[in-house]
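*Asks:* Can you read through this structure? Questions will come right after.
No lab work stands behind these numbers, since they all come straight from the coordinates. The structure presented is a predicted model; accordingly, all values stated were derived computationally and were not measured. Quick reminder, even Gly has a Cβ in these numbers, built from the backbone with ideal geometry, and neighbours come from all protein chains shown.
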Amino acid sequence: MTDLFSKFDPLIEQRETLLSTGLTDPFNLVMERVESPTVAICNGKRTILLGTYNYMGMTFDPDVIAAGKKALDEFGSGTTGSRVLNGTYGGHKAVEQALKDFYAMDHAMVFSTGYQANLGVISTIAGKEDYIVLDIDSHASIYDGCALGNAQIVPFRHNDIEALEKRLRRIPEGAGKLVVLEGVYSMMGDVAPLKEMVAVSKANDAMVLVDEAHSMGFIGEHGRGVSEAQGIIDDVDFIIGTFSKSVGTVGGFCVSNHPKFEILRLVCRPYVFTASLPPSVVATAATSIRKLMDSADKRAHLWENSKRLHAGLRQLGFTLGTDEPQSAIIAVIMPDLEKGAAMWEALLNEGLYVNLARPPATPAGMTLLRCSLCALHSEEQVGEILGMFAAAGRATGCIS
Ligand SMILES: Cc1ncc(COP(=O)(O)O)c(C=O)c1O
């Protein structure tokens with residue numbers, strides 16, 4: 001019998017070699033208690049959280065928690081069914097209304113995760129004769145959405161407007177075209193030139209889908225994302241988002257003004273053939289989304305945090321993923337996996353949790369320490385974080 005697991009041997013060996021040095025497993029950290037959006041107890045120690053996607057700090061918002069508890073009491077723990085059969089409750093309609101109000105769009109469809117939203121929308125709208133043109137650094141859920149469908153896949157170089165245009169021009173005339181972009185790319189924290197890319201797409205008769213997972217709530221005057229900040233949200237055909245980041249719970253969605261959008265509820269398999277989100281989750285999401293509409297002060301503070309951390313890390317001598325802070329994500333580039341893992345552990349020992357990111361998640365085979373800031377990190381906490389980076393960086397030889 002061929003062991004179907006033998007294909008994983010190189011990865012198993014790499015992992016065992018790394019852990020044989022006595023290193024704490026960077027991909028298996030347990031948060032024993034979570035005290036707030038910015039602090040948890042890990043290995044019995046107070047740890048500042050700089051590796052969550054809790055950008056707007058909504059997970060402990062008292063109104064959000066009260067809404068979840070009320071829904072749990074009134075509607076029970078789960079729906080036990082698909083949206084199409086027995087899984088649409090009042091709360092699902094309410095969260096879809098909150099999304100329509102948040103984005104000022106005609107239609108909103110909620111999925112059980114953001115992963116499923118990409119999987120469902122991309123695989124359903126781009127069919128056999130169609131083309132999907134996507135940034136090569138797209139999230140796994142976008143690639144998996146392409147793999148689930150039957151369209152031709154045409155990748156282009158990351159954030160390269162000319163490359164996008166060239167690919168679009170080569171597609172046979174009359175074919176259906178979907179351009180898939182992200183507002184913020186989650187590994188490096190860089191923003192897409194959406195204004196130019198959407199213009200090029202429209203000039204070449206393509207529909208555009210933008211995944212705003214890492215910008216919702218934070219970027220743009222109303223927190224609608226990079227499409228809003230760059231003034232082209234009305235030209236975007238589909239926005240994909242998630243509740244697992246700024247919204248502070250779990251779930252995914254697509255919003256659109258397309259007049260035929262609602263038909264997706266009958267033909268989109270990752271929407272039809274799975275259970276809907278629990279009532280408590282949609283209640284927390286709806287409350288959180290409505291509060292995010294009115295969070296300009298928090299957005300401003302998060303920008304301050306991002307600028308302060310970016311400048312401080314650069315001053316310490318770290319190499320960063322972007323020249324300027326472009327989002328709430330700041331990527332610190334490590335020379336290799338071993339150094340990255342050592343630095344990750346040294347930071348944890350200092351009392352700081354960040355993400356160790358490595359291929360295939362990262363572009364160009366890089367190892368990154370990915371920092372994601374929260375609007376509730378205080379100025380003092382950002383100072384503490386920089387102190388920890390200085391100590392860990394010197395201890396591991398990452399900086400001098
Ligand atoms: C760009 C992007 N899209 C989609 C997702 C999936 O979101 P979810 O966690 O809701 O499945 C993620 C998650 O990290 C993401 O980074």
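*Asks:* Please state the charge dipole magnitude for the chain, taken about the Cα centre, from unit charges on C-beta atoms (+1 on K and R, -1 on D and E), reported in debye and rounded to the nearest 20. Mind showing how you got there, number by number?
*Replies:* On the way: 35 positive and 47 negative charges, 79 e Å.
Computed charge dipole of the chain: roughly 380 debye.
*Asks:* Which of rounded, prolate or oblate describes the stretch 155-206 when judged by the alpha-carbon gyration tensor and an a/c cut-off of 1.5?
*Replies:* Values: a/c = 2.28, a/b = 2.09, b/c = 1.09.
The shape class here is prolate.
*Asks:* To the nearest 20 debye, what charge dipole does the stretch 40-93 have about its Cα centre, counting +1 at the Cβ of each Lys and Arg and -1 at the Cβ of each Asp and Glu?
*Replies:* 160
*Asks:* Across the stretch 254-267, in residue order, what do the Karplus-derived ³J(HN,Hα) couplings come to in whole Hz, using 6.51 cos²θ - 1.76 cosθ + 1.60 with θ = phi - 60° and x for Gly and Pro?
*Replies:* Whole-Hz 3J(HN,Hα) from phi for the stretch 254-267: 10, 10, 6, 9, 4, x, 9, 3, 4, 5, 4, 4, 9, 10.
*Asks:* Further question on the same structure: So, with +1 on the Cβ of K and R and -1 on the Cβ of D and E, and no other charges, what is the size of the charge dipole of the stretch 319-400 about its Cα centre, to the nearest 20 debye? Let's see the in-between values first.
*Replies:* Working: 4 positive and 9 negative charges, 53 e Å.
Once rounded to the nearest 20, the dipole reads 260 debye.
*Asks:* Sort 308-316, 40-48 by packing, meaning the average of other beta carbons within 10 Å per residue, with the highest value first. Provide the component values of the computation, followed by the final result.
*Replies:* Numbers: 308-316: 17.8, 40-48: 15.9.
The densest-packed peptide leads the list: 308-316, 40-48.
*Asks:* Cα gyration tensor of the stretch 301-384, axes a ≥ b ≥ c as square roots of the eigenvalues: rounded (a/c below 1.5), prolate (a/b > b/c) or oblate? Write out the running numbers ahead of the final one.
*Replies:* On the way: a/c = 1.86, a/b = 1.41, b/c = 1.32.
Cα axes put the stretch 301-384 in the prolate bin.
*Asks:* With a ≥ b ≥ c the root eigenvalues of the C-alpha gyration tensor of the stretch 237-279, is it rounded (a/c under 1.5), prolate (a/b larger than b/c) or oblate? Walk me through the numbers on the way to the answer.
*Replies:* Values: a/c = 2.85, a/b = 1.27, b/c = 2.24.
Oblate, since a/c reaches 1.5 and b/c is not below a/b.
*Asks:* Within the stretch 129-190, what percent of beta bridges assigned by DSSP are antiparallel, to the nearest 5?
*Replies:* 10
*Asks:* For the chain, the longest stretch holding no chymotrypsin sites (Phe, Trp or Tyr not before Pro) located in a DSSP loop with at most 12 other Cβ atoms within 10 Å is which?
*Replies:* On the way: sites that count: F5, F27, F273.
Within the chain, the longest run free of exposed chymotrypsin sites (Phe, Trp or Tyr not before Pro) spans 28-272.
*Asks:* Multiply the residue gap between E162 and D106 by 0.36 nm, knock off their C-alpha separation, and tell me the result in nm, one decimal place. Mind dumping the intermediate values first?
*Replies:* Values: separation 56, 0.36 × 56 = 20.16 nm, distance 3.22 nm.
Answer, rounded to one decimal: 16.9 nm.
*Asks:* Tell me, what is the FRET efficiency for T21 and K93 to the nearest 0.05, using R0 = 51 angstrom and their Cβ-Cβ distance as r?
*Replies:* On the way: r = 53 Å, r/R0 = 1.04.
Efficiency at R0 = 51 Å is approximately 0.45.
*Asks:* Return the single residue from D297, D205, D135 with maximal mean-square fluctuation; model: Gaussian network over the chain, springs between Cα atoms under 10 Å.
*Replies:* In this elastic network of the chain, the residue with the biggest mean-square fluctuation among D297, D205, D135 is D297.
*Asks:* Using only DSSP helix segments of four residues or longer, with each worth -39500 (n - 2.57), what per-residue ellipticity at 222 nm results for the chain after dividing by its residue count and rounding to 500? Kindly include the intermediate steps, with their values, before the conclusion.
*Replies:* Working: 14 runs with 159 residues, N = 400.
-12000 deg cm²/dmol, from helical runs alone.
*Asks:* Can you give the angle from 0 to 90° between the axis of helix 279-292 and the longest principal axis of the chain, with both taken from C-alpha atoms, to the nearest 10?
*Replies:* Here the helix axis deviates by roughly 80 degrees.
*Asks:* Positive end of the dipole of the stretch 159-211, charges at C-beta (+1 Lys, Arg; -1 Asp, Glu), about the Cα centre: which of L178, A192, L209 has its Cα farthest in that direction?
*Replies:* Toward the positive end, the furthest listed residue is L178.
*Asks:* Note the angle between two axes, namely the Cα long axis of helix 379-396 and the longest principal axis of the Cα atoms of the chain, as a number of degrees from 0 to 90, rounded to the nearest 10.
*Replies:* Tilt relative to the chain: about 60 degrees.
*Asks:* Here's a follow-up. Below 8 Å between Cα atoms, with a sequence gap of 6+, how large is the relative contact order for the chain in percent? Write out the running numbers ahead of the final one.
*Replies:* Working: 820 pairs, mean separation 90.5, N = 400.
In percent, rounded to a whole number, it is 23.
*Asks:* So which aspartates and glutamates can K70 reach, going by Cα to Cα under 16 Å and dropping same-chain residues fewer than 8 places off?
*Replies:* The qualifying aspartates and glutamates are D61.
*Asks:* Here's something else I'd like to know. If you plug each phi of the stretch 143-151 into the Karplus form 6.51 cos²θ - 1.76 cosθ + 1.60 with θ = phi - 60°, what whole-Hz ³J(HN,Hα) values come out, in order, with x for Gly and Pro?
*Replies:* Per-residue couplings from phi come out as 4, 5, x, 5, 5, 6, x, 10, 6 Hz.
*Asks:* A follow-up question, please. Can you tell me which lysines have their Cα less than 30 Å from the Cα of K307? Leave out same-chain residues fewer than eight positions away.
*Replies:* Result set, ordered by chain and number: K45, K195, K245, K291, K298, K339.
*Asks:* Relative contact order, percent, of the stretch 79-193 when contacts are C-alpha pairs under 8 Å separated by at least 6 residues? Please report the intermediate quantities before stating the final value.
*Replies:* Working: 145 pairs, mean separation 24.5, N = 115.
Computed value for the stretch 79-193: 21 percent relative contact order.
*Asks:* Additional query: Test of the criteria: in the stretch 234-273, which trypsin sites (Lys or Arg not before Pro) are in a DSSP loop and have at most 15 other Cβ atoms within 10 angstrom of their Cβ?
*Replies:* Working: sites: K245, K260, R265; in loops: K245, K260.
Counting only loop positions with at most 15 other Cβ atoms within 10 Å, the trypsin sites (Lys or Arg not before Pro) in the stretch 234-273 are K260.
*Asks:* Moving to a separate point now. To test your reading of the geometry: what angle, between 0 and 90 degrees and rounded to tens, separates the Cα axis of helix 296-316 from the longest principal axis of the chain?
*Replies:* So the helix axis and the longest Cα principal axis differ by about 40 degrees.
*Asks:* Still on this model: Toward the positive end of the charge dipole of the stretch 294-348, about the Cα centre and with charges on Cβ (Lys, Arg +1; Asp, Glu -1), which of L337, L347, Q315 goes farthest?
*Replies:* Positive-end residue among those listed: Q315.
*Asks:* On to the next question. To check you understand DSSP bridge types, tell me what percent of the beta bridges within the chain (both residues inside) are antiparallel, rounded to 5. Mind showing how you got there, number by number?
*Replies:* Numbers: 31 of 51 bridges.
Taking every DSSP beta bridge with both residues in the chain, the antiparallel ones total about 60 percent.
*Asks:* If you average the C-alpha positions of the stretch 205-240 and of the stretch 349-400 separately, how far apart do those two centres end up, in angstrom?
*Replies:* What the calculation gives is 28 Å, centre to centre.
*Asks:* Restricting to bridges with both residues inside the stretch 149-293, how much of the DSSP beta-bridge set is antiparallel, in percent to the nearest 5? Don't skip to the answer; put the middle values down first.
*Replies:* Numbers: 7 of 15 bridges.
Expressed as a percentage, antiparallel bridges in the stretch 149-293 total about 45.
*Asks:* Taking the stretch 72-164, which trypsin sites (Lys or Arg not before Pro) meet the DSSP loop condition and have no more than 10 other C-beta atoms within 10 Å?
*Replies:* Details: sites: R83, K93, K100, K128, R157; in loops: R83, K128, R157.
Of the trypsin sites (Lys or Arg not before Pro), the ones in loops of the stretch 72-164 whose Cβ has at most 10 other Cβ atoms within 10 Å are K128.
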